[in-house]
Amino acid sequence: MKKDKIKNICVGFPAFEANQGVPLLSQNRQFQWFNKPTFIYPVIPALAATMLKQADYNVHFLDAIARNMSTIKWFEYLDEIKPDLIFFEVKTPVIYYIWEIVDSLKNRYPDMLVVLAGDHVSALPLETMENCRVDYIVTGGDFDFLLLNLVEHLNGKTKLEKGIYYRKNGEIKNTGMFELKNTLESMPFIDRDLTEWKRYAYDNGNFKCLPGTYIMSGRDCWHHKCTFCSWTSLFNNFRVRQPVDVVDEIEFLVKRYQIREIMDDTGCFPVGEWLSTFCNLIIERKLNKKVVLDCNMRFGALTPDQYQLMKKAGFRFLLFGLESANQKTLDRLQKGIDAKEILNSCKEARKAGLFPHITVMIGYPWETEEDIQKTLELTKTLLLKGYAYTMQATIVIPYPGTKLFDECKRDNLLTTENWAMYDMRQAIMSTDLGEAKIKEYVQSFYNLSFNPIFMAKKILSIRDLDDIKYYVRAFKKVFFGHLKDFN
């Protein structure tokens, strides 16, 4: 029998030693440097590792960031395991560092294949192929499926699918535009032991009940139009797993690992009949008594009855994107919502006993100071009246590959194309207000967390020890983390 050429594979993230902080590479969308580390479970890389292991490959899951490994220790680990192929997901603000890492890997291990994936290299694959010695780039959001296809191809078992860049006789080649034809029904449950789930189960400010973990019911958002979202280009075919399959996975996680809280990181949780079936299955199996559920949701997507059903099924945290309180901005971003739905959705969710978290973005070239003030006032109303539970504020970034980037490029609104600056700590789009004023407003949003009315409501809402521990973790994240990110 012919021996596989590629047998020993490393999946994960390289070591980072940077003054900016800890890079949040494992989050499915926006990138940030964190002063107070948060390690989010990397669902798709974990699926990639799982699928390779199930195909009988020797897989090492090595997230050097979550392990807090130095570069020297990372290389020492690679010296020990000697992978035939190493794979990691990358993002825009660290791409220059990645190029250096790739060339260092090729110098140290000339026979080892280096494979990259992620939103930046999907948008600009030739840039990375030309600036470092990477062997392969797998583009699009289904890079778990494509990585398995690549390995199987290298071992002479199948043909390359579309979406892969490679080198041949010194020239850069590709197999064409990626296609999202993979059915999610064929996906296995993630091998949580292989992917070291405990490293991500405790140091995460979103979880109230520990340990917690992440799953994904679909890829990615069923709205699929927002101009600022990288996944609009990576996932242009929204697909979901069967509700019973997702409930089976949740039950497995509860029984096998005693998981107490689960965040579904689908771009937007499925709604309609899918949601009703899912919630009723959770209730039938009494999992709502054992685990808390969180998810991403869109304003205006649910009825009061659906919020009530989600509460009954054990949902707690709903993450909403509050990109602006101004209708002109929502329309320009193709959000597909009425600004009035923002307040109504939060009120209905809270009335049902759910806890909305809002993520605010500011810094649009067309917004005036009055527009930002309007968003700040709405955010203040939501927080102080108790309609929103928590809040995060960031500077909007037009990532390469998004419609917003293309618009800014066309209209000469980009202040720089130095990718290292696309880290949410500075304004990339030209505005009349200027960067300093935008940063002041970001600070103003976070200062709402220290409003006496807001803090009093939080204290009065405490019901158990989990609440106390959660507020302590959340306070540390804001005071020692987010408030320093823009200094």
- Task: State the number of residues belonging to region 139-174 that are in contact (Cβ under 8 Å) with a residue 40 or more places away in the chain, at negative phi and not in a helix (DSSP H, G or I).
- Result: 6
- Restricting attention to region 108-133, report how many residues are under 21 Å from Thr71 (Cα atoms) and under 24 Å from the mean Cα position of the chain (by Cα). 4
- Message: Regarding region 370-392, can at least one residue be identified that is touching a helix residue (DSSP H, G or I) at 6+ places or on another chain (Cβ under 9 Å), part of a loop (DSSP other than H, G, I, E, B) and of a type in the set (Asp, Glu)?
- Response: no
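Check Lys335, Lys328, Lys312 and return the single one that is out of contact with any helix residue (DSSP H, G or I) (no Cβ under 7 Å at 6 or more places or on another chain) and surrounded by fewer than 17 Cβ atoms within 10 Å (Cβ to Cβ).
Going through Lys335, Lys328, Lys312 in turn, just one is out of contact with any helix residue (DSSP H, G or I) (no Cβ under 7 Å at 6 or more places or on another chain) and surrounded by fewer than 17 Cβ atoms within 10 Å (Cβ to Cβ): Lys328.
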- Residues in region 216-230: is at least one modelled with pLDDT of 95 or more and hydrophobic (A, V, I, L, M, F, W, C)? yes
- Name the one entry in Glu417, Glu377 that is under 30 Å from Pro304 (Cβ atoms), of a type in the set (D, E, K, R), in the same structural domain as Asp294 (by TED's automatic domain parsing) and free of Cβ contacts under 8 Å to residues at least 60 places away in the same chain. Glu377
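Based on what the data block shows, is Leu116 out of contact with any Asp or Glu (no Cβ under 7 Å at 6 or more places or on another chain) and modelled with pLDDT of 95 or more?
When the stated conditions are applied, Leu116 passes them.
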- Item | Those residues of region 115-140 which are closer than 21 Å to Asp220 by Cα, of a type outside the set (D, E, K, R) and out of contact with any strand residue (DSSP E or B) (no Cβ under 6 Å at 6 or more places or on another chain), in sequence order | His120, Ser122, Ala123, Leu124, Thr139, Gly140
- Under 6 Å by Cβ, and 6 or more places apart or on different chains, what pairs join a residue from region 295-313 that is on the phi < 0 side of the Ramachandran plot with one that is of a type in the set (S, T, N, Q) and surrounded by fewer than 20 Cβ atoms within 10 Å (Cβ to Cβ)? Ala313/Asn288
- In region 263-290, which residues are under 13 Å from Gly314 (Cβ atoms), crowded, with 22+ Cβ neighbours inside 10 Å and touching a Lys or Arg at 6+ places or on another chain (Cβ under 8 Å)? Cys279
- region 420-445, subset free of Cβ contacts under 8 Å to residues at least 12 places away in the same chain and of a type in the set (Gly, Ala, Ser), residue surrounded by the most Cβ atoms within 10 Å (Cβ to Cβ): Gly434
- Message: The conditions are (1) surrounded by fewer than 14 Cβ atoms within 10 Å (Cβ to Cβ); (2) within 30 Å of Glu323 (Cβ to Cβ); (3) not polar (S, T, N, Q), and Gly218 fails exactly one of them. Which is it?
- Response: (1)
- Taking the residues in region 179-191 that are part of a loop (DSSP other than H, G, I, E, B) and in contact with a Gly (Cβ under 9 Å, 6 or more places away or on another chain) as candidates, determine which candidate is farthest from Ala46 (Cα to Cα). Glu179
- Message: What pairs come out if I take residues in region 47-75 that are farther than 17 Å from Tyr200 by Cα and pair them with residues that are modelled with pLDDT under 95 and among the small types (Gly, Ala, Ser) whose C-beta lies under 7 Å away, six or more apart or interchain?
- Response: Ser70/Ala15; Thr71/Ala15; Trp74/Ala15; Trp74/Ala64
- Task: Quick one: Asn204 ticks every box in (1) of a type outside the set (Lys, Arg); (2) at pLDDT 90 or above; (3) over 30 Å from Glu161 (Cα atoms) except a single one, so which number is it?
- Result: (2)
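Modelled with pLDDT of 90 or more, closer than 20 Å to Arg256 by Cα, part of a loop (DSSP other than H, G, I, E, B) and assigned by TED's automatic domain parsing to the domain that holds Ile259: does that describe Leu194?
Answer is no for this residue.
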- Query: Tally time: how many residues in region 235-272 are out of contact with any strand residue (DSSP E or B) (no Cβ under 9 Å at 6 or more places or on another chain), at negative phi and assigned to a helix (DSSP H, G or I)?
  - Reply: 9
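The values are calculated or read from the model by the stated rules, or taken from the named source; none is laboratory data. Fair warning: this is a prediction, and the values are worked out from it, not measured in the lab. All Cβ positions, glycine included, derive from the backbone under ideal geometry; neighbour counts span all protein chains shown.
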